[in-house]
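One structure is given below, encoded as structure tokens.
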Amino acid sequence: METRERADAARNRAKVLSAAAELFAAGDPRAVTMEDIARAAGIGRGTLYRRYPDVTSIAAALLDEHERTLQEQLLRGDPPLGPGAPPAERLTAFYAALVDLLDTHGHLVLGAETGEKRFTVGAYGFWRAHVLALLRESGTPDPEALVDLLLAPLAPEVFLQQRARGVTADRIKAALTHLARALPAT
């Protein structure tokens, strides 16, 4: 049986997510604390901790909907992002979509998916499975050894460092397109 969220809990959740989104966008998300979020949301720390164990879980909640949308497009969308295109074209489209996601929501990704945490979130597992399937479909030798290397340029720290150095999203997409075209033709 599905339990419904109490009205006050829903209001507090909305306050927390709104306050956190503003704090993450205003500066370095890695510097945001639970105390900062509770204060900005106008709720007590206990209320905050009952729902979210840490800042990472709040950033992940904000990011989740955006990542789910991309996952749905990869599974059921039109080619080349969705099924039906050759692996190199699908990888190129995936790279472009993920660059767009990072460009728009990089501050959330930085708050939720940096360092070791990157490998434990569900989205990374999904991205990894997608790229691994493309590598296998293309007949790429040793896809297990290559898959994480192909995702490494999309680590939030790498992406945001490139953007801070003035590398445009379009230039990053072009470089990743070059990388994707190295896949063997099927």
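Hey, can you tell me all the residues within segment 8-26 that are farther than 19 Å from THR56 by Cβ and among the small types (Gly, Ala, Ser)?
ALA9, ALA10, ALA14
Please list, ordered by residue number, the helices (runs of 4 or more DSSP H) wholly in segment 122-186 having 3 or more residues that are surrounded by fewer than 18 Cβ atoms within 10 Å (Cβ to Cβ) and among the small types (Gly, Ala, Ser).
Answer list for segment 122-186: 122-138, 169-180.
Can you work out which of the residues in segment 114-148 that are at pLDDT 80 or above and either among the aromatic types (Phe, Trp, Tyr) or in contact with a Gly (Cβ under 6 Å, 6 or more places away or on another chain) (or both) is farthest from GLN161 (Cα to Cα)?
PHE126
Here's the yes/no breakdown for (1) in the same structural domain as ALA123 (by TED's automatic domain parsing); (2) hydrophobic (A, V, I, L, M, F, W, C); (3) part of a helix (DSSP H, G or I); (4) modelled with pLDDT under 90:
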site	(1), (2), (3), (4)
GLU2	no, no, no, yes
ARG13	no, no, yes, yes
ILE43	no, yes, no, no
TYR49	no, no, yes, no
ARG68	yes, no, yes, yes
GLN71	yes, no, yes, no
LEU91	yes, yes, yes, no
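Can you work out which of the residues in segment 18-32 that are buried (at least 17 other Cβ atoms within 10 Å of the Cβ) and farther than 11 Å from LEU108 by Cα is modelled with the lowest pLDDT?
VAL32
Regarding segment 33-50, can at least one residue be identified that is surrounded by fewer than 18 Cβ atoms within 10 Å (Cβ to Cβ) and under 20 Å from the mean Cα position of the chain (by Cα)?
Checked segment 33-50: no residue is surrounded by fewer than 18 Cβ atoms within 10 Å (Cβ to Cβ) and under 20 Å from the mean Cα position of the chain (by Cα).
Can you tell me which of (1) over 18 Å from SER18 (Cβ atoms); (2) in contact with a Leu (Cβ under 6 Å, 6 or more places away or on another chain); (3) in contact (Cβ under 8 Å) with a residue 12 or more places away in the chain is the one LEU108 doesn't meet?
Every listed condition holds for LEU108 apart from (1).
State all residues of segment 124-163 that are touching a residue at least 40 places away in the same chain (Cβ under 8 Å) and on the phi > 0 side of the Ramachandran plot; if no residue qualifies, say none.
GLY139
Kindly indicate the residue of segment 58-104 that is among the small types (Gly, Ala, Ser) and in contact (Cβ under 8 Å) with a residue 40 or more places away in the chain and also farthest from ALA14 (Cα to Cα) among those meeting that condition.
ALA88
The values are calculated or read from the model by the stated rules, or taken from the named source; none is laboratory data. Since we're looking at a predicted model, the values are computed, not measured. Positions of Cβ are generated from backbone atoms using ideal geometry, with glycine treated the same way; all protein chains shown enter the neighbour counts.
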